[in-house]
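What follows is a set of notes on a single structure, which appears directly below.
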Amino acid sequence: NAGVTQTPKFRVLKTGQSMTLLCAQDMNHEYMYWYRQDPGMGLRLIHYSVGEGTTAKGEVPDGYNVSRLKKQNFLLGLESAAPSQTSVYFCASTTGTIGGAEQFFGPGTRLTVL
Amino acid sequence: AQRVTQPEKLLSVFKGAPVELKCNYSYSGSPELFWYVQYSRQRLQLLLRHISRESIKGFTADLNKGETSFHLKKPFAQEEDSAMYYCALLSGANNLFFGTGTRLTVIP
């Protein structure tokens, strides 16, 4: 039982390049999330999904797209990377129980955009 | 709009001393609050939630609606408590709204 896994762990991009971050969970969770963590700003929600085939915008969605084609996977895409997207990205998942379900986090992906 | 404020970015205490990490919130509905912790080289994980009213690793947190606070307390800090602590507010669709975090260092 691996929990929440993220691929890749590290990545360096040049401005304008694109990439996809993969999040996978093996806990049969309905809800999945993508956050970015920046110094002094905590974690901010980028996009989330409440079930297979659904996605929704979070607090800071601009410049990112997501897809949830399979229940266990949640992909985060950067179509044209910018230096402002240099950050640590965390994926999380939780059950569909409304009200206070624990979120389980992945190990993070450190992205640098030059 | 919701807001979670953690006024201290850094907090240092000596081993055995009491520790209090402050968290204030702003939310129009009935709040559900959490503390998450990230130890060095580990994943972010749930420490405790106010609805459980439990003590985890000696930490407690009481929701004070009058003062809109959810401070995290421990009477005797240990070195292994050194970590980054985030206060979080539940906001619709099981979304969490995080504060900016407090890095706690326990000095031996």
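Count of the stretch B:23-34 residues, restricted to those that are crowded, with 17+ Cβ neighbours inside 10 Å and farther than 16 Å from residue B:53 by Cβ, is 4. Scanning the stretch B:85-108 for residues that are in contact (Cβ under 8 Å) with a residue 40 or more places away in the chain and not in a strand (DSSP E or B), we see that the one that is nearest to residue A:42 (Cα to Cα) is B:100.
Taken over the stretch A:1-58, the residue count meeting the criterion of being buried (at least 17 other Cβ atoms within 10 Å of the Cβ), under 20 Å from residue B:43 (Cα atoms) and among the aliphatic types (A, V, I, L, M) is 7. If I filter the stretch A:70-85 for residues that are within 14 Å of chain B (Cβ to nearest Cβ), over 19 Å from residue A:113 (Cα atoms) and either free of Cβ contacts under 8 Å to residues at least 40 places away in the same chain or surrounded by fewer than 19 Cβ atoms within 10 Å (Cβ to Cβ) (or both), do I get at least one hit? No, the stretch A:70-85 contains no residue that is within 14 Å of chain B (Cβ to nearest Cβ), over 19 Å from residue A:113 (Cα atoms) and either free of Cβ contacts under 8 Å to residues at least 40 places away in the same chain or surrounded by fewer than 19 Cβ atoms within 10 Å (Cβ to Cβ) (or both). Among the residues making up the stretch A:86-100, a single one is among the small types (Gly, Ala, Ser), surrounded by 15 or more Cβ atoms within 10 Å (Cβ to Cβ) and without any contact (Cβ under 8 Å) to a residue 40 or more places away in the chain: A:100. The set of residues in the stretch A:24-37 being more than 16 Å from residue A:56 (Cα to Cα), touching a residue at least 60 places away in the same chain (Cβ under 8 Å) and in a strand (DSSP E or B) consists of A:25, A:37. In this structure, residue A:64 does not satisfy being in contact with a Gly (Cβ under 8 Å, 6 or more places away or on another chain), in contact (Cβ under 8 Å) with a residue 60 or more places away in the chain and closer than 15 Å to residue A:19 by Cα. Working only within the stretch B:4-22, note down all residues that are in contact (Cβ under 8 Å) with a residue 60 or more places away in the chain, surrounded by fewer than 16 Cβ atoms within 10 Å (Cβ to Cβ) and assigned to a strand (DSSP E or B). If the condition is that a residue be in contact (Cβ under 8 Å) with a residue 60 or more places away in the chain, surrounded by fewer than 16 Cβ atoms within 10 Å (Cβ to Cβ) and assigned to a strand (DSSP E or B), then B:5, B:10, B:12, B:14 are the ones that fit.
Taken together, the values in this text are just the output of simple stated rules run on the coordinates, not laboratory data. For clarity, every value in this text was computed on a predicted model and none was experimentally measured. With ideal geometry, Cβ positions are generated from the backbone for all residues, glycine too; neighbour counts draw on all protein chains shown.
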